[in-house]
Every structure is written in structure tokens, then in C-alpha cells.
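Worksheet for the structure shown next.
The values are calculated or read from the model by the stated rules, or taken from the named source; none is laboratory data. Just so it is clear, the structure is predicted and the values come from calculations on it, not from any experiment. Virtual Cβ from ideal backbone geometry, glycine too; neighbours counted across all protein chains shown.
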Amino acid sequence: MATTKPTQPLSFLLPNNPTNPKPSSSLKQSSIISLPKLCNSMKEVQQIHTTLIKTGLIHDPSAMNAIIEFSITQDLPYAQSVFQQTTNPTTFAKNLMLRGLSQSQFPLSAFSLYVEFTIGGFQLNKFAFTALIQACSRSKAVREGEQIHAQILKCGEMDAHLASSTIQFYVGVCGGFGIVPEHAEEGFRPDERTLASVLPSVSRLGALSLGKWVHSYAENLGMEMNVFLGSALVDMYSKCGSIDSAIGVFNRIGPLKRNVVLWNAMIGGFAMHGHGRDALQLFQTMLASGIQPTDVTFVGVLRACSHAGMVDQGLSYFKAMTEGYNVEPTIEHYGCMVDLLGRAGRLEEAEKLMKSTDEGRDVVLLKTLLGACRVHGNIEIGERIGNQLIDLASDDSSCYVLLANLFASVGRWEDVNKLRNLMKKRGVRKIAGCTSIELDSVVHEFHAGDMSHPRIEEIYAKLEEIRLELKVEGYIPNTSQVLADTGEEEKEASMYRHSEKLAIAFGLINTTPGSTIRIVKNLRVCLDCHTVTKLISKLYDREIIVRDQNRFHHFKNGLCSCSDYW
DNA sequence: GTAGGGTTAG
């Protein structure tokens, strides 16, 4: 871990450094040859390399290996030249070189070295094979990978590590085809790595009870809560809507054990839940504990600012990122910034920033800006961006829907119809809205106007009850996002069959009063569902947590954590 | 002494 390395330069250990009066002979041989492991830069490695040559210690194979080991990740050409100058490279050094090339920009270059080695009569071992099969994974070289797989089987080098790299190869190049396990292995015990690998799938599903099961499984087996498992759990709990449990896992990992990935996961968790201040406070704590932020950290920080509406803070963190922390902005950072400025209604600035990058025609950035135009009813910029989008991403239905929403909000029904016809002509279909809710480990899924649920009558009865109560409260349905130019009554009726309303009604019927309702939606929440959910949270005294396409909404006491911008 | 796992805009 980079943070455990000494930060001061190591040159004071070298003999020609005047600040160090001791001659090099006072250093044990074993200590100088292990120095490259402690190095922070190639410059230090080169200094040590020079010293090794001067003192003759370079003839010790482990000294050479240490130099190669450091430089394969930092300066591959350097490692290659050192390796070529070695008269009798050890197996270890050969394996390192294979690994270095397989992790380089041109993974298949490992194969030329492999050919060289085999001509020279070198027998490959499991470490060499791992590097080669990974090279095939990275470059999607199916035939080569299959041949390496055959060789591995022939020479009997297969073990658990190599098997997992081989599986990764097949999963990556053909979706796992051809490697279906024959049976679940008897006596097989998953370890922290296994669980850390399955958790991202649980996170994507938003299946909290499944994630909780994995967590308690780990605890029951007495597994060590390391940063890998910890980060995966923090992310899982965040993405499954249980930010408190995420905090619990984070806090239980000792401050000294926390690495930047774990901090990033927790900051990102706060961000997606709209807890901007918590995210920024945690970021400051991270800095105070001496952890260097990465580009991912700033994605979390900027996302936190945008989701919590902290525009000024966001702008100053973006500045600090590039000027103070030397982190180059990526497309993800620009995405956050366009969202941040767009939320504040600073649409011209958002567009200017977008155009100033190489990513001015990126579909996601354009969609972010168009979404902001819809929220702020800016038809001038919105129409321009929208038209650009439906050419650029002509098969993406959400672009048409966003633009149609904008037209509908200003009553331009003719344009809405034109868009609908264009979609039909181009064969683009709207993605159907779908909301799921999990009760007692069973996932119930609802689509708009769904009549298939066995308890659908009760659900519609509950919705009717809600509709009447909201009417008493003076609520007027907002039909601006209904894209059919029909009568108000028809529009209202169609809105009451939206999938999120069905899921919430089902949740109200089947959970104890006062308990939290969690639902997951595949698209963005519609404007009317958002308003209705706020009112339900107050009327029924329920906390309702909604995960939509890209963030969480916490509805409580008539308010939503997104401050009505999403 | 070498290899597998975790975090990333809308």
C-alpha cells in the first residue's frame, strides 16, 4: 500500500550523499538489495541501480530482480533493458517480465518473450501461465487463450489462482460459455475474495437482504474484515439503500487499516444518498489522516456537491482538484460539473464547460445538460442539445423522451407528436418503467398498468384511497410529463398506474406502520410520482427510500433528500 | 519473494 511507504527520499542511504557520513559497506548486502521495494520513484531506483553497479552487488540475482520488480510497473522499457543485460536471468525475473508485458498497453507482447523463452528450453510454471492467460484476457485473444489453457492442463500447473485467471479469461471473452462448473465443489469454503467478488452483483440488484446474508455469512465464518471485503460491503449497503449499515462497516475497520478505496466507497455512498455535508466532512477527515485523494475520490466529492446542491463548494473543489492535488479531470468529473451547474440553472456555463473539453459530443454529458434544461424549462438550449442528441444517439429512447418532456412542458404537442413518429420510423422503443420491492426475501416487480400481481385488487384499492386523501390535502396532479395529448382525466388515470406508485401502495399494505419502504426503479422517477411520494411520506408517516437510475431519494415528512432536482 | 478481490459522471 502506497501510504505505508516512507515519504522522504531514500537517497540519504546512499554512500555518495554528503548528509550520510557512513560508507556503503556499513549497509548489509541484504538491506541494499531490498531497497527498491521501499522506493517511491524511478529516480530512486536508478540511484540504487548505480550504487549496485559501483559496488558489484549487481551480480546478486536478487538485486537485479528487485530492480526489475519495481520498474515493470513504473518504467517498463527500463525493466526490459535491465533484463536484457542480465546474463542468466532467474525464473523469477522471467516471470516478472511476462507479467510486466501482460499488464502493459500491449499485453500480447508477452507472447514474443514467451516464444523466446520456449525456444531456449524454458519450462513455464504457474506464474508464467498466469501472466499469459491474463494477457489473453486483456486483449480478448480467444484462440491464444485456449491454447494457453490447454498447455496449463497438459503440464499440470493448474491451481486455484491460475484457475481464477483462466475463468476470468473465459468470462471476459465469451460470457462464460464453455466453462460451466460441473457441480458446486464439496467442502468448498468461500474466502474474503470470493465474497468481495459476488458483492458487486448484489449491489447492482439492490438486493439488501441478499447482501445482509453475505455480510453475516462472513461474520459467522469469522472472516477478517479487510479493506477488500469492507469496501465491497460499504458499496453494497450504499447501493442497497442502507447508508447507516455502510457507515457501520466503515467504522468497524480500524483507522490505520483504511485505504483510499475504502474512503472512496464511503464518500461515494454519502454522495449517492445526497448527504453532501457528510461526504465533504469525511473527505476532510481522510485528508487529515494522510491519505492522498485519487481521481475517484473527487468523483465522489463532486457528485456529493451536485446531489446536495452545493454549487459553490463543487466549483472550488473542482479547482482544488486540478490545481492543488494534480488530478487531471476525466469525463466523470465533467459529468458532475455539468450536473452541478445545470442544477443551479447556470446552463450557459455548463454548456461552455462541456464544449471546452474533448468530450463535447459525449452522449451522457449532453443528456445531463438536456435534463437540466427540462428542469429549468430552457427551451432554447434544450431544443438545440436535444436535436443534437437524437442524431448522435438515434437508438437511445431516453433522448427522445427527455426532449419530448421538454416540449410537453411548454405545450408544444405538435413537436411531441413529431418525436413520437420519428421514434416509430426509426424503430426506437421506450424502455418500460419497472419498479421492484423486496418483502421477506421475495422481489415483487411492477410495470405501469400492471394487472398481473395476485393482489392487484388490494393494490388499486389502496391507490384509490391515497388519491382521495391527497385530493383532500389539495394536491393537483402534475401531468406535464405525460406525453399523450389526451384529456386531463385520462392523463391522471395513466399516471396513477405508474410502476413506482403500485410498488409503494403494495409496500404500504404489507409492511408494519412506521417502517421504512425501499423500492428500486429502472428509470428516473417521474415528476408526479416524486410529488406523490413526498406527500405519502408525510400522510402515512413513512420513510420511503427510492433508488432510481442514478441516485437515491429519501422521502421523509413531505420532503425529499434530492431537494427536487434529479 | 512473483498471481485473484474492492471504489468512478447521467
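Could you say which residue among A:Met266, A:Met310, A:Met272 is touching a strand residue (DSSP E or B) at 6+ places or on another chain (Cβ under 6 Å) and not β-branched (Val, Ile, Thr)?
A:Met272
Looking only at the stretch A:118-131, count how many residues are buried (at least 19 other Cβ atoms within 10 Å of the Cβ) and either over 35 Å from the mean Cα position of the chain (by Cα) or more than 21 Å from A:Ser164 (Cα to Cα) (or both).
Counting residues in the stretch A:118-131 that are buried (at least 19 other Cβ atoms within 10 Å of the Cβ) and either over 35 Å from the mean Cα position of the chain (by Cα) or more than 21 Å from A:Ser164 (Cα to Cα) (or both) gives 1.
For A:Ala66, are the conditions met, namely being more than 32 Å from the chain's Cα centre (by Cα) and near DNA strand B (Cβ under 9 Å from one of its atoms)?
It is true that A:Ala66 is more than 32 Å from the chain's Cα centre (by Cα) and near DNA strand B (Cβ under 9 Å from one of its atoms).
When you look at A:Phe283, is it modelled with pLDDT of 95 or more and touching a His at 6+ places or on another chain (Cβ under 7 Å), yes or no?
no
Would you mention how many residues in the stretch A:337-392 are within 26 Å of the chain's Cα centre (by Cα), of a type in the set (Lys, Arg) and within 12 Å of DNA strand B (Cβ to nearest atom)?
So the answer is 3.
Among what's in the stretch A:269-279 and is assigned to a loop (DSSP other than H, G, I, E, B) and on the phi < 0 side of the Ramachandran plot, pick the residue that is farthest from DNA strand B (Cβ to nearest atom).
Ranking the qualifying residues of the stretch A:269-279, first place goes to A:His275.
Of the residues A:Gly449, A:Gly507, which single one is in contact (Cβ under 8 Å) with a residue 24 or more places away in the chain, on the phi > 0 side of the Ramachandran plot and among the small types (Gly, Ala, Ser)?
A:Gly449
Could we say that A:Arg343 is closer than 28 Å to A:Cys560 by Cβ and touching a residue at least 40 places away in the same chain (Cβ under 8 Å) here?
Judged against the criteria, A:Arg343 is a match.
Taking the stretch A:280-297 as the region of interest, how many residues are within 12 Å of DNA strand B (Cβ to nearest atom) and in a helix (DSSP H, G or I)?
4
Within the stretch A:219-233, track down each residue that is more than 8 Å from DNA strand B (Cβ to nearest atom) and either buried (at least 21 other Cβ atoms within 10 Å of the Cβ) or in a loop (DSSP other than H, G, I, E, B) (or both).
Scanning the stretch A:219-233 gives A:Leu221, A:Gly222, A:Met223, A:Glu224, A:Met225, A:Leu233.
Would you mind stating whether A:Phe70 is at pLDDT below 90, part of a helix (DSSP H, G or I) and in contact with a Lys or Arg (Cβ under 9 Å, 6 or more places away or on another chain)?
The answer is yes for A:Phe70.
Checking A:Asp396 against (1) touching a helix residue (DSSP H, G or I) at 6+ places or on another chain (Cβ under 8 Å); (2) of a type in the set (Asp, Glu); (3) surrounded by fewer than 16 Cβ atoms within 10 Å (Cβ to Cβ); (4) closer than 30 Å to A:Glu348 by Cα: exactly one of these is not met. Which one?
All conditions pass for A:Asp396, except number (3).
Among the residues of the stretch A:79-101, write down those that are surrounded by fewer than 15 Cβ atoms within 10 Å (Cβ to Cβ) and away from DNA strand B (no atom under 13 Å from the Cβ).
A:Ser81, A:Gln84, A:Gln85, A:Thr87 - these are the residues of the stretch A:79-101 that are surrounded by fewer than 15 Cβ atoms within 10 Å (Cβ to Cβ) and away from DNA strand B (no atom under 13 Å from the Cβ).
Restricting to the stretch A:418-466, give me the number of residues that are at pLDDT 90 or above, among the polar types (S, T, N, Q) and either surrounded by 17 or more Cβ atoms within 10 Å (Cβ to Cβ) or over 19 Å from A:Ala393 (Cα atoms) (or both).
3
Which of the residues belonging to the stretch A:253-268 are near DNA strand B (Cβ under 9 Å from one of its atoms) and not in a helix (DSSP H, G or I)?
A:Arg258, A:Asn259
Quick one: in the stretch A:477-517, of everything that is of a type in the set (Val, Ile, Thr) and assigned to a helix (DSSP H, G or I), which residue is farthest from A:Ile437 (Cα to Cα)?
A:Ile509
Give the residue, chosen from A:Gly254, A:Gly241, A:Gly274, that is surrounded by fewer than 19 Cβ atoms within 10 Å (Cβ to Cβ), small (Gly, Ala, Ser), farther than 28 Å from A:Val171 by Cβ and at pLDDT below 95.
A:Gly254
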